[in-house]
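K.L.:
Quick one: the structure is below, and I'll ask about it shortly.
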Amino acid sequence: MFYDSLIKFLNPFFSENEITGNADGSFVTKNNQVIRIKYNEQTKCYDLYFAEDGGEEALVTSYLFDSTQTEKDVESVAIDFMDTLRKKLSITKKRSADAVALPSAQNGENIDL
């Protein structure tokens, strides 16, 4: 349905984690793990398949996407697939230390453990 839009949302995640595309539509990680995304017409779901190096592809997650959804809803599918792939590939989100407010010694307070 909106496969190209889904891949467009996933491309920054793929490039950030060194995941490359193949001619057959699958994607390969730097550890030779295979990722494949398919749309199943019968179940009306986007399916995410994952295979270890040389192993059998297994369905990891599905996301319901019927005719009532629009191209704007594709981003939700991409977010779900990225979260699943982060868990599967043991990728942690990078957090900035600037985002955490640290206590200070203002007003004569002495803060310690």
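K.L.:
Can you pull out the residues in segment 1-29 that are in a helix (DSSP H, G or I) and in contact with a helix residue (DSSP H, G or I) (Cβ under 8 Å, 6 or more places away or on another chain)?
P.N.:
Answer for segment 1-29, where residues must be in a helix (DSSP H, G or I) and in contact with a helix residue (DSSP H, G or I) (Cβ under 8 Å, 6 or more places away or on another chain): 5, 6, 9, 10, 13.
K.L.:
Tell me which residues, restricted to segment 2-27, are aliphatic (A, V, I, L, M) and surrounded by fewer than 16 Cβ atoms within 10 Å (Cβ to Cβ).
P.N.:
23
K.L.:
Given the structure, is residue 40 within 25 Å of residue 90 (Cβ to Cβ) and touching a residue at least 12 places away in the same chain (Cβ under 8 Å)?
P.N.:
No; evaluated as a whole, the condition is false for this residue.
K.L.:
State which residue is farthest from the chain's Cα centre (by Cα) when the search covers only segment 30-80 and only residues that are charged (D, E, K, R) and assigned to a loop (DSSP other than H, G, I, E, B).
P.N.:
41
K.L.:
Looking at segment 36-95, which of the residues that are open to solvent by less than 40 Å² (accessible area, probe 1.4 Å) and in contact with a Lys or Arg (Cβ under 7 Å, 6 or more places away or on another chain) is farthest from residue 8 (Cα to Cα)?
P.N.:
Among those that are open to solvent by less than 40 Å² (accessible area, probe 1.4 Å) and in contact with a Lys or Arg (Cβ under 7 Å, 6 or more places away or on another chain), it is 50.
The values are calculated or read from the model by the stated rules, or taken from the named source; none is laboratory data. Keep in mind that what you see is a predicted model, and the values were worked out from it rather than measured. Reconstructed Cβ throughout: ideal geometry from the backbone, glycine too, with neighbour counts over all protein chains shown. Remember, those area values only see protein heavy atoms, side chains included, never the ligands or the DNA or RNA. Shrake-Rupley method; radii C 1.70, N 1.55, O 1.52, S 1.80 Å.
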